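Take a look at the structure set out below.
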Amino acid sequence: MSPEQILLLLLDLLGTFAFALNGALTAVRHVRIDIIGVLTLGMITALGGGILRDIMIDDLPPATFQDWRYLAVAAFGAFIVFIFAKHLGRMTVPIEVLDAVGLSVFAVTGASKALEFGLGPVQAVILGTLTGVGGGTIRDALVGRIPSVMSEGLYAIPAMVGAGLTVAAMMTDLYGIAAAVIAASTCWLIRIIGIRFKLNAPQPLGTFRRVGTQD
Amino acid sequence: MSPEQILLLLLDLLGTFAFALNGALTAVRHVRIDIIGVLTLGMITALGGGILRDIMIDDLPPATFQDWRYLAVAAFGAFIVFIFAKHLGRMTVPIEVLDAVGLSVFAVTGASKALEFGLGPVQAVILGTLTGVGGGTIRDALVGRIPSVMSEGLYAIPAMVGAGLTVAAMMTDLYGIAAAVIAASTCWLIRIIGIRFKLNAPQPLGTFRRVGTQD
Amino acid sequence: MSPEQILLLLLDLLGTFAFALNGALTAVRHVRIDIIGVLTLGMITALGGGILRDIMIDDLPPATFQDWRYLAVAAFGAFIVFIFAKHLGRMTVPIEVLDAVGLSVFAVTGASKALEFGLGPVQAVILGTLTGVGGGTIRDALVGRIPSVMSEGLYAIPAMVGAGLTVAAMMTDLYGIAAAVIAASTCWLIRIIGIRFKLNAPQPLGTFRRVGTQD
C-alpha cells in the first residue's frame with residue numbers, strides 16, 4: 001500500500017470508530033437497551049451506511065463483511081460506550097469532531113466507490129451521502145426517533161458537498177489523495193461550522209400540525 | 001419505443017411524481033423535518049418500493065439508479081411539497097387520485113418485472129404489491145408511524161388484485177398493453193372506491209390492549 | 001433427501017411457523033392493524049432474518065422466495081393469529097417454546113449457510129444470529145417498538161452460542177446432523193432458561209435520562 005492509501009485506510013477506520021462511539025452513545029441516551037443493543041446499534045451506525053451503498057452498487061457481500069478490521073473497530077467503539085457511557089456523556093465536543101471526520105471520509109470514499117462501480121455522477125453523490133448518513137438513519141429508525149439527519153442541524157448537506165467535490169474531481173481526472181483530502185476537509189469544515197453556530201437547513205412553512213415523536 | 005411503451009413509461013413517471021408528492025406531504029404533516037427530510041422522504045416513498053423489488057429479484061443497481069429521469073421526477077415532486085406544502089394540504093382529492101395511479105402502475109409493472117426475472121407467480125404478486133406499497137412503508141417506519149398500509153383503508157388489496165391480474169395474463173400469454181391497462185385500471189378503481197366509501201380491511205377481534213402510536 | 005435433511009427441513013418449517021405465529025401475535029397486541037398488517041408482520045418476522053442474511057451473502061433472490069413452502073407456512077401461521085388472536089393470547093408458554101425452536105434452527109442453518117457461501121467465521125456467527133433475530137427486529141421497527149432483542153431477555157445471546165457452536169464444528173470438520181442438533185439444542189436450552197428465570201443481558205449504567213417508547 002502507498003502512504004496515501006494507508007492514510008485513507010486509517011481515516012476510514014477512525015471514522016468507523018467515531019461513528020460506533022457516537023452512535024452507541026446516542027442510542028443509550030434515548031432508550032433503555034442492554035449490551036446487545038449497545039453493540040448492535042453502535043455497529044449499525046458505523047457500518048450501516050456502507051452496507052446500504054454496497055447493496056445499491058451490487059458489491060455483495062458488503063466490504064465491511066469482508067475486512068474483519070471494520071467489524072472489530074466498530075465493536076470496540078460500541079463496547080467503550082457500554083463501559084464508560086456515563087463519562088463519555090461529558091465529552092460531547094471531541095466526539096462530535098471525530099464524528100465529523102467519519103462523515104467526511106465516508107462521503108468521499110462512498111462517492112468514489114459508487115463512481116468506480118459505474119454509477120452516474122448524480123447517483124454517486126447520493127450514494128456518497130448515503131454512506132455518511134445511512135447508518136445513523138437506521139439506528140434512529142430502530143430506536144423510534146425521527147432521523148436527526150432529516151430534522152435538525154447540517155449533516156447531509158456537508159456530506160453532499162464532500163461527495164460532490166469528489167465526483168467533480170473524478171470526472172475531470174483530478175482525483176487523487178490531494179483531491180480526496182480537500183473534499184473531506186471541506187465537508188468537515190461545513191459540518192463543524194454548522195455545529196458551532198447551530199445552523200439548520202430550511203424547513204417548509206406552515207404544514208406541521210401536531211407535536212411529533214422526535215425530541 | 002412503441003406507443004404502448006411510451007404510454008407505460010409516462011404512467012410510471014406520473015406515478016413516481018404522485019408518490020413523491022403524496023409521500024413528502026404525509027411526512028411534513030406528521031413530523032417536523034427540514035428540506036433534507038422532505039426530499040429524502042418524498043424520494044423514498046416514490047422509489048423505495050421499486051428498490052426493494054430490485055434487491056429481491058437481484059437486479060442491482062436498482063432500475064431507479066440507472067435511469068436519471070426517475071430520480072429527477074421524484075426530487076421534483078418532493079421539492080414542490082417543500083415550496084407549496086401549505087397550499088397542497090387543501091388538494092387532497094386530486095393528490096389521492098394521482099397516488100392511486102402510481103399504486104396501480106407500480107403493482108402491474110412490479111409484478112410483470114418479477115415474473116420476467118424468473119420468480120414464481122405467487123412471488124410475483126407479492127413483489128408487485130411490494131413495489132406499490134414498499135416506499136410508503138419505509139417512509140412511515142422512518143417517521144415513527146404505524147405503516148398506514150397495515151392499519152387503515154384499502155391499499156395493499158387493490159395492489160394485489162392488479163398484480164394478480166397481471167400475473168394471470170402473463171401466465172396465459174394474454175399479456176400486452178391492453179392487459180396491463182385493464183389490470184392497472186381495476187386496481188385504480190378498487191382503490192378509489194375504497195377511498196370514496198371509507199372501506200377498511202377486516203381487523204382481528206379482541207386483541208388490542210392499549211392505544212398505539214399511530215394516529 | 002436423507003432422513004437428516006428431512007429432519008432439518010421439518011424443523012426449519014416448524015420454526016418458520018412459530019416465528020410467524022409469535023410475530024403476528026406480538027404485533028396485534030401492540031398496535032391496531034388489519035388483516036394485511038397481521039399477515040405482513042407475521043411473514044416478515046418469519047422470513048425477514050433469512051432475507052437479510054441472503055442479501056448479505058449475495059444469494060438472491062432469497063431462499064424464501066424460491067421455495068413456496070416457506071411463504072405458505074409463514075402465511076398460515078399469521079392467518080391463524082388473525083382468526084384466533086383472542087385465544088392464542090393465553091397460550092404464551094407453548095408459543096414461546098416453539099419460538100425458541102425457530103430461533104435455534106435459524107441460528108444454526110443461518111451460520112452454516114454463511115460459512116458455505118465463503119464468509120469468515122466471525123461473520124458467519126453474526127449472520128447466523130441475524131437470521132434468528134432479524135425478522136423480529138424489522139417487525140418491531142415497523143410497529144414503533146424498541147426491538148425487544150436489544151432491550152430485554154436473552155434472545156441474541158443464545159443465538160450467538162448456537163451459531164458459534166455451528167461454526168466451530170464446521171471449522172473442525174465435525175459438522176453433521178449430530179453437531180447441528182447439539183448446537184440448536186444448546187441455543188434452545190439457554191433461551192428457555194432465560195425465559196424461566198427472567199434473565200436479562202447486562203445494561204450500561206447511568207446513561208438513560210428519560211422514559212423511552214418501549215413497554
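The values are calculated or read from the model by the stated rules, or taken from the named source; none is laboratory data. Small disclaimer: the values here were computed from a predicted structure and weren't measured. Cβ placement follows ideal geometry from the backbone for every residue including glycine, while neighbour counts extend to all protein chains displayed.
Would you say A:ILE55 is out of contact with any helix residue (DSSP H, G or I) (no Cβ under 7 Å at 6 or more places or on another chain) and modelled with pLDDT of 95 or more? Judged against the criteria, A:ILE55 is not a match. Within this structure, B:VAL38 passes the test of being surrounded by 18 or more Cβ atoms within 10 Å (Cβ to Cβ) and closer than 16 Å to A:GLN203 by Cα. Against the condition surrounded by 19 or more Cβ atoms within 10 Å (Cβ to Cβ) and within 14 Å of chain C (Cβ to nearest Cβ), how does A:PHE76 come out, does it pass? Answer is no for this residue. Here B:TYR155 meets the list (1) in contact with a helix residue (DSSP H, G or I) (Cβ under 7 Å, 6 or more places away or on another chain); (2) within 23 Å of C:TYR70 (Cβ to Cβ) almost entirely, failing just condition (2).
Each residue in the range A:61-73 was checked for being buried (at least 18 other Cβ atoms within 10 Å of the Cβ) and of a type in the set (A, V, I, L, M, F, W, C), and 3 pass. Regarding the range A:128-138, can at least one residue be identified that is free of Cβ contacts under 8 Å to residues at least 24 places away in the same chain and not hydroxyl-bearing (Ser, Thr, Tyr)? Taking every residue of the range A:128-138 in turn, none turns out to be free of Cβ contacts under 8 Å to residues at least 24 places away in the same chain and not hydroxyl-bearing (Ser, Thr, Tyr).
Residue-by-condition table, conditions (1) within 12 Å of another protein chain (Cβ to nearest Cβ); (2) surrounded by fewer than 22 Cβ atoms within 10 Å (Cβ to Cβ); (3) among the acidic types (Asp, Glu):
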residue: C:GLY118; (1), (2), (3): yes, yes, no
residue: C:LEU130; (1), (2), (3): yes, no, no
residue: C:ALA141; (1), (2), (3): yes, yes, no
residue: C:SER151; (1), (2), (3): yes, no, no
residue: C:ALA168; (1), (2), (3): no, yes, no
residue: C:VAL181; (1), (2), (3): no, yes, no
residue: C:TRP188; (1), (2), (3): no, yes, no
residue: C:PHE197; (1), (2), (3): no, yes, no
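Residues that are at the interface with another protein chain (Cβ under 9 Å from one of its Cβ atoms), under 30 Å from A:PRO147 (Cβ atoms), buried (at least 20 other Cβ atoms within 10 Å of the Cβ) and within 16 Å of the chain's Cα centre (by Cα) are absent from the range B:88-101 altogether. What number of residues within the range C:35-69 are away from chain B (no Cβ under 11 Å) and over 14 Å from C:LEU21 (Cβ atoms)? Count: 8.
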